[in-house]
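Worksheet for the structure shown next.
Values in this text are rule-based calculations from the coordinates and carry no lab data. Computed from a predicted structure; not experimentally measured. As a convention, Cβ positions derive from the backbone with ideal geometry for all residues, glycine included, and neighbour counts pool all protein chains shown.
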Amino acid sequence: MDVKVLGAANEVGRSGFLVNCEGTNLLLDYGVMFGKRGTPPDYPLHVKPKDVDGIVITHAHLDHSGNVPSLFVSGNTDVYATPPTFDLSKLLIEDMLKIEKNSHPFDLPELNNMMRNAKPVEYKQKVTKGNATFELRESGHVVGGSTVLLESENKRLFYTGDIKTNGSRMLREMDLDFDEIDLLITESTYSQTEQKPRKESERELVEFANEVMDRKGTLFIPSFSVERSQEMACILKNANFKHRIIMDGMALKVNEIMFKHPSYLRDSKIFADAINSSLSIREHSERKRAMEEPCVVISPAGMLVGGNAVYYLQQLAFDDRNGIALVSYQGEGTPGRKLLETGKVSTRGRDLSVTAEVKQFEFSGHADRNELFDMISKIKGNPKVMTVHGDTDSCTNFAQEIHEKFGFEAYAPNVNDTITI
Ligand SMILES: [Zn+2]
């Protein structure tokens, strides 16, 4: 078995690994990497569609799924993922094409062609393709998200995609119940970072929400539409939060997808309770009216780039009774990062100081350092290890530490490297 690294080497984004299983070529993920504002996106190394026998998408995030339609310009290949991953990928790729018109080498017809070739797979369902057999396992990272366990000629590869080993209020923990493996490809995003326990972040957020309500303000939670928005609603519901919760934007479409796939949630009842008791905004005219009394507004975009977040920010940022809770990583150059660092937002070309109280909370969807090492300690066998999907320090230090702690042969590959097992 050969694995060629097409992307996600010492970087977060454009994941792609081409696995040659004695002549059967499987592509694991094929994502995009978004450039800084104004610069074009990056892609994994090019592969010819005719050289790919099947594609496996671990989860819907665009850095894992976003470039798959490029393989459907002229050809047809089987593409495998869980049912929620297909639904969410379609939604996110459509949205990407709408926002970044003409900047990708494909458009809606190719996405539709990809969906026509979709082969939905449930967790632990064994799939045989040529000389390869694989199955998807729960990753705890995002709804429908999976890891890949792939076997060929008695060699076994485990690819983590993105993982949150402990799961979350929305998702069950990662599934590590399998036998010895020969190669581990692991994400490294937060290998050098320790995160606050999730319960503590939840407590802090609920406290902040109640403080803002007590002073008759509105709390704005700009949030990723996939899962983080729903998780915020569930956290507040679980804490018996008494005030109105408003949900807006693409998060509503994601709600519908999650309702369609309840078995992929840790507790579909809490999810249904949280969403059914919140107010969904469908029309612009409803927005202002909905905020007439103290409430929480959950709306994308998580980094305040576009979406209805811009409207809410302008309505809510300049009143000191209000609060803004940033619950996602704020990328460099985004309005969210600027707000955190300078306390200012740009409105109509001018930088204005925000008077609402701004706080950041840790709700990462990725395993932190402790969770990653805990995951490695549960891996059976004496695998070679490739550390990917992290910045250079996160990948190289992680590889070195894995070697020191567990004795495994570990390294941070470069793009175009091939490893044979
Ligand atoms: Zn992800």
Query raised in the report: Taking H as built 1.01 Å from N, whose amide H comes closer than 5 Å to the amide H of ILE246, not counting residues under 5 places away?
Result: LEU279, VAL296, VAL297, ILE298
Report summary line: Placing +1 on each Lys and Arg Cβ and -1 on each Asp and Glu Cβ in the chain, then taking the dipole about the Cα centre, the residue among ILE57, TYR411, ALA118 whose Cα reaches farthest towards the positive end is ALA118
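Of the beta bridges DSSP finds with both residues in the chain, what % are antiparallel, to the nearest 5?
Details: 32 of 68 bridges.
In the chain, approximately 45 percent of DSSP beta bridges are antiparallel ones.
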Report task. Measure nothing fancy, just the Cα-based angle from helix 369-378's long axis to the longest principal axis of the chain, in degrees from 0 to 90, nearest 10. Result -> 30
Query - In nm, spacing of pseudo-spin labels at ARG289 and ASN276 (7 Å Cα→C-beta vector) - result: 2.4
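Sort HIS366, HIS59 so that the residue with the fewest other Cβ atoms within 10 Å of its own Cβ comes first and the one with the most comes last.
Details: HIS366 23, HIS59 30.
The order, fewest Cβ neighbours first, is HIS366, HIS59.
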Query - Helical contribution to [θ] at 222 nm, DSSP H n ≥ 4, -39,500 (n - 2.57), averaged over the chain, rounded to 500 - result: -9000 deg cm²/dmol
Query - Calculated from backbone phi, Karplus (6.51, -1.76, 1.60) coupling profile of segment 131-136 in Hz, x at Gly/Pro - result: 8, 10, 10, 9, 9, 9
Report summary line: Taking placed amide H atoms and a strict 5 Å upper bound, the residues 5 or more places from VAL358 or on another chain that come that close are ILE324
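About its Cα centre, what dipole magnitude does the chain give when the only charges are +1 on Lys and Arg Cβ and -1 on Asp and Glu Cβ, stated in debye to the nearest 20?
Numbers: 50 positive and 61 negative charges, 259 e Å.
For this selection, approximately 1240 debye.
Normalised by the residues of segment 198-360, what does the relative contact order come to in percent, with Cα pairs under 8 Å and at least six apart?
30
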**Report entry** Computed over the chain, Cα set: Rg, Dmax in Å
**Finding:** 21.5, 66
Query raised in the report: Hey, if you put +1 on the Cβ of every Lys and Arg and -1 on every Asp and Glu Cβ in the chain, which of ILE181, GLY306, PRO41 ends up farthest toward the positive end of that dipole?
Result: GLY306
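When DSSP assigns beta bridges and you keep just the ones with both residues in segment 198-360, what percent turn out antiparallel, to the nearest 5?
Details: 4 of 20 bridges.
The antiparallel fraction comes to roughly 20 percent.
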Query raised in the report: So what are the ³J(HN,Hα) numbers for segment 318-327, from phi and the Karplus equation (6.51, -1.76, 1.60; θ = phi - 60°), rounded to whole Hz, Gly and Pro as x?
Result: 10, 9, 6, 7, 7, x, 10, 9, 8, 10
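Could you work out the relative contact order of segment 158-212, using alpha carbon pairs under 8 angstrom and six or more residues apart, expressed as a whole percent?
Values: 26 pairs, mean separation 18.9, N = 55.
Averaging sequence separation for qualifying contacts and normalising by length gives 34 percent for segment 158-212.
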Requested in this report: Just report the Cα centroid separation between segment 42-108 and segment 286-309, whole Å.
Outcome: 30
**Report entry** PHE17, PHE106, PHE259 arranged by Cβ crowding within 10 Å, fewest neighbours leading
**Finding:** PHE259, PHE106, PHE17
Report summary line: When the charge dipole of segment 198-360 is computed with +1 at the Cβ of Lys and Arg and -1 at the Cβ of Asp and Glu, the Cα pointing farthest to the positive end, of SER277, LEU340, PRO294, is that of SER277
Report summary line: Cβ density ranking, 10 Å radius, fewest first, applied to THR133, THR85 yields THR133, THR85
Report summary line: Quick calc, segment 254-329, dipole around Cα centre from Cβ unit charges on Lys, Arg (+) and Asp, Glu (-), nearest 20 debye, gives 200
Query - 0 to 90° range, to nearest 10: angle between helix 198-214 axis and the chain longest Cα axis - result: 20
Query raised in the report: What list of ³J(HN,Hα) values in whole Hz, one per residue of segment 179-195 in order, does the Karplus curve 6.51 cos²θ - 1.76 cosθ + 1.60 (θ = phi - 60°) give from phi, with Gly and Pro shown as x?
Result: 7, 4, 10, 9, 9, 10, 10, 10, 5, 9, 2, 10, 5, 10, 10, 9, 9
Requested in this report: Starting from the amide H of ARG156, placed 1.01 Å from N in the peptide plane, find each other amide H under 5 Å away whose residue is 5 or more places distant or on another chain.
Outcome: ASP182, LEU183
Requested in this report: About the Cα centre of segment 198-360, how large is the charge dipole given +1 on each Lys and Arg Cβ and -1 on each Asp and Glu Cβ? Please answer in debye to the nearest 20.
Outcome: 240
